[in-house]
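Report on the structure given below.
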Amino acid sequence: MSVNISLPDGAVRTFPQPPTIAEVAAAIGPGLAKAALAGKVDDRLVDTGHRIEHDARVAIVTAKDADGLEILRHSTAHLLAYAVKELFPDAQVTIGPVIENGFFYDFAYKRPFTPEDLAAIEQRMGELARKDEPVQRRVLPRDEAVAYFKGLGEHYKAEIIGSIPANEDVSLYREGRFEDLCRGPHVPSTGRLQHFKLMKVAGAYWRGDHRNEMLQRIYGTAWATKDELQKYLTMLEEAEKRDHRRLGRELDLFHMDEHSPGTVFWHPRGWTIWQEVEQYMRAVYRDNGYLEVKGPQILDKALWELTGHWQKYRENMFTTESEKRDYALKPMNCPGHILIFKQGIKSYRDLPLRYGEFGQCHRNEPTGGLHGIMRVRGFTQDDGHIFCTEDMILDECVAYTALLQRVYADFGFKDIIYKVATRPEARIGSDESWDKAEAALMESLRRAGCAFEISPGDGAFYGPKIEYTLKDAIGRQWQCGTMQVDFSMPERLGAEYVADDSSRRHPVMLHRAIVGSLERFIGILIEQHSGALPAWLAPVQAVVASITDAHAEYARSVVKTLQKQGFRAQLDLRNEKITYKIREHSLQKVPFILVVGDKEKADGAVAVRARGNQDLGVMPLADFSAKLAGDIARKA
């Protein structure tokens with residue numbers, strides 16, 4: 001029986017007998033046959049040994065493809081488990097999925113794995129990979145697979161298989177002496193797994209439930225090439241240097257405390273950064289037609305039931321009770337803005353109506369998910385909501401994208417990734433409304449000259465959205481901004497306006513945030529700039545350091561002059577050597593250090609040292625003030 005194979009380039013190849021993926025790759029060329037990791041048959045991923053029994057669309061998957069990299073990583077997770085079982089036969093294997101940039105595998109073992117164990121496991125993985133053992137798939141009935149793993153003493157694996165419906169078969173993959181449960185696909189042989197590194201060991205509860213036993217999770221990373229692996233490891237080293245938690249301590253910006261887990265204690269210098277970001281965004285509100293509002297922190301349970309949050313988001317909400325009424329700390333600001341909109345009669349002439357709020361929200365994030373000021377339980381958003389008609393969606397989105405780009409550029413981010421998340425299967429609203437909203441979001445990005453990706457089905461149940469993701473100085477991605485189209489919540493809460501035909505209609509609500517959580521955004525800024533924030537954001541813009549006590553009075557007058565001009569200047573009159581002072585303030589990443597001695601005092605000047613050990617020489621104080629003012633104005 002001949003089989004016709006349609007390839008991605010439009011070519012069709014006919015095989016006299018049903019071919020495997022490997023045979024299709026070989027027919028195309030020896031290079032592709034060597035590179036093939038798996039295949040796609042009518043968009044379904046399969047092993048290279050999979051036989052194609054019917055006419056189909058086929059693509060060969062290599063390490064250059066996203067699917068290929070995921071297969072490499074999942075296969076490396078199996079290689080990790082293989083190595084652990086070789087070195088520690090009493091260890092039980094549980095699950096080993098792919099995660100961002102790598103993989104992990106959870107093990108049950110009688111003692112904690114040590115750094116020395118990790119090194120030995122990685123070495124054994126390399127040895128097993130070099131043996132280039134074939135990876136082979138077989139299928140067993142569920143109950144037979146349960147009995148098989150119980151016989152191996154793998155009780156966790158048997159429990160996993162036991163949760164599969166009884167009438168289903170399960171697939172197993174074997175490499176050498178190790179066999180594991182997996183849907184696949186996997187690489188053809190272990191020799192394809194060459195560029196990996198084990199990263200750390202952490203604790204993890206079985207099935208993610210704290211009531212279950214604690215397992216040991218080994219994390220690793222895997223890449224298609226040695227160069228990609230090295231670039232990733234270098235990025236991690238750089239990320240460690242930039243870690244906002246370490247810099248927050250060293251620069252005295254903030255701290256976290258167990259007396260209030262998941263919230264931030266801002267120190268004076270850190271709060272100065274916060275205020276600069278907030279005041280900047282407040283000016284953005286003011287200059288772009290937003291009316292700043294402020295809603296309460298605590299709202300009645302009944303409101304959250306109307307919005308659907310009580311049913312869908314209850315476990316993430318902090319609740320309280322007073323006088324037999326249930327309340328919740330708001331996890332988001334949008335219902336409060338609708339309640340403000342509803343006060344008084346609104347006309348179509350009032351639209352678009354743009355509200356903005358620096359709204360503090362609380363979400364009961366799990367302890368394990370907290371991460372410095374990047375992931376917290378109490379945070380403040382630069383939250384905005386635009387109430388408009390359907391005909392206004394496009395223009396509002398076009399203007400918003402342009403505004404967001406200007407804001408990000410001022411903060412030093414020019415590399416932005418744009419994604420449009422479209423309708424999910426479970427949704428509300430008519431197809432016509434979804435068509436209009438999705439088209440408006442996409443067209444707004446086209447008009448802004450932005451290439452964008454589609455995230456099918458990732459929209460909210462009430463409407464599609466644009467996700468704006470920043471790429472930082474070392475290539476990491478941070479999703480910050482969003483624009484969401486909501487046809488649902490205004491109707492649920494009874495928001496209306498009087499249309500031009502005197503009828504009552506529900507407005508469309510556009511949810512938008514540019515920086516998102518201010519806490520998280522400041523953490524991103526700290527890491528983006530390695531703590532060396534540009535002058536306009538730096539908590540201390542200039543330090544004036546005297547050489548001896550004889551210059552103290554002049555140093556005071558310089559600081560006073562700068563402060564009157566609106567600059568954040570500090571005085572250092574300590575009885576220390578000037579080289580010591582310069583070094584200390586350099587470590588604090590102060591943009592400018594002004595040294596004053598006899599010559600500077602006599603000439604009414606300052607000796608200027610810029611961050612990065614740049615000697616700008618002696619200049620009149622007025623010239624320095626002009627330079628600093630220019631840097632601030634340019635957001636340099």
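The values are calculated or read from the model by the stated rules, or taken from the named source; none is laboratory data. If you're wondering where the values come from, they're calculated on a predicted model, not measured in any experiment. For neighbour counting, all protein chains shown are included, and Cβ atoms are generated from backbone atoms with ideal geometry for every residue, glycine included.
Structural remarks
- Restricting 241, 197 to those that are farther than 15 Å from residue 93 by Cβ and at pLDDT 95 or above reduces the list to 197.
- Only one entry in 452, 387, 413 is of a type in the set (Phe, Trp, Tyr) and under 23 Å from residue 274 (Cβ atoms), namely 413.
- Of the helices (runs of 4 or more DSSP H) lying entirely inside the stretch 541-629, those containing at least 1 residues that are out of contact with any Gly (no Cβ under 9 Å at 6 or more places or on another chain), within 25 Å of residue 531 (Cα to Cα) and not small (Gly, Ala, Ser) are 552-564, 578-587.
- Residue count for the stretch 362-402 under the criterion of being of a type in the set (Asp, Glu), surrounded by fewer than 18 Cβ atoms within 10 Å (Cβ to Cβ) and either free of Cβ contacts under 8 Å to residues at least 60 places away in the same chain or not in a helix (DSSP H, G or I) (or both): the result is 3.
- Scope the stretch 260-304; condition among the aromatic types (Phe, Trp, Tyr), touching a helix residue (DSSP H, G or I) at 6+ places or on another chain (Cβ under 8 Å) and more than 17 Å from residue 513 (Cα to Cα); matching residues: 266, 304
- Note on the stretch 487-500: residues that are surrounded by fewer than 15 Cβ atoms within 10 Å (Cβ to Cβ) and not charged (D, E, K, R) total 2.
- Among residues of the stretch 403-421, those that are within 14 Å of residue 468 (Cβ to Cβ), part of a loop (DSSP other than H, G, I, E, B) and in contact (Cβ under 8 Å) with a residue 40 or more places away in the chain, counted: 3
- Qualifying residues in the stretch 555-574 (those that are closer than 16 Å to residue 601 by Cα and of a type in the set (Lys, Arg)) - the one farthest from the chain's Cα centre (by Cα): 556
- Meets criteria (closer than 21 Å to residue 341 by Cβ, within 17 Å of the chain's Cα centre (by Cα) and either free of Cβ contacts under 8 Å to residues at least 40 places away in the same chain or surrounded by 15 or more Cβ atoms within 10 Å (Cβ to Cβ) (or both)) for residue 513: yes
- Residues in the stretch 371-401 that are among the aliphatic types (A, V, I, L, M) and within 30 Å of residue 239 (Cα to Cα): 373, 374, 376.
- Test: residue in the stretch 252-259 that is under 28 Å from the mean Cα position of the chain (by Cα), without any contact (Cβ under 8 Å) to a residue 60 or more places away in the chain and under 19 Å from residue 513 (Cβ atoms): no
- Among (1) of a type outside the set (Val, Ile, Thr); (2) free of Cβ contacts under 8 Å to residues at least 40 places away in the same chain; (3) within 30 Å of residue 471 (Cα to Cα), the one test that residue 589 misses: (2)
- Contacts under 6 angstrom Cβ, first residue in the stretch 117-145 being more than 23 Å from residue 91 (Cβ to Cβ), partner in a strand (DSSP E or B) and of a type in the set (Phe, Trp, Tyr), 6 or more apart: 137/173
- Selected residue [surrounded by 15 or more Cβ atoms within 10 Å (Cβ to Cβ), under 21 Å from the mean Cα position of the chain (by Cα) and over 30 Å from residue 302 (Cβ atoms)] from 405, 484: 405
- Matching residues, the stretch 452-503, being closer than 19 Å to residue 516 by Cα and of a type in the set (S, T, N, Q): 469, 477, 479, 482, 484
- Those strands (runs of 3 or more DSSP E) of the stretch 274-325 in which 2 or more residues are under 20 Å from residue 486 (Cα atoms) and among the charged types (D, E, K, R) are absent.
- Residue check, residue 80 closer than 27 Å to residue 151 by Cβ and either touching a Phe, Trp or Tyr at 6+ places or on another chain (Cβ under 8 Å) or at pLDDT 95 or above (or both): yes
- In the stretch 344-361, the residue that is surrounded by the fewest Cβ atoms within 10 Å (Cβ to Cβ) out of those that are in contact with a strand residue (DSSP E or B) (Cβ under 7 Å, 6 or more places away or on another chain) and among the basic types (Lys, Arg) is 346.
- Note on the stretch 305-343: residues that are surrounded by fewer than 18 Cβ atoms within 10 Å (Cβ to Cβ) and hydroxyl-bearing (Ser, Thr, Tyr) amount to 4.
- Checked against the criterion of being of a type in the set (D, E, K, R), out of contact with any His (no Cβ under 7 Å at 6 or more places or on another chain) and free of Cβ contacts under 8 Å to residues at least 12 places away in the same chain, the candidates 577, 599 yield just one match: 577.
- Subset of the stretch 198-235 (residues that are closer than 21 Å to residue 476 by Cβ and either free of Cβ contacts under 8 Å to residues at least 12 places away in the same chain or in contact with a Cys (Cβ under 8 Å, 6 or more places away or on another chain) (or both)): 227, 230, 231, 234
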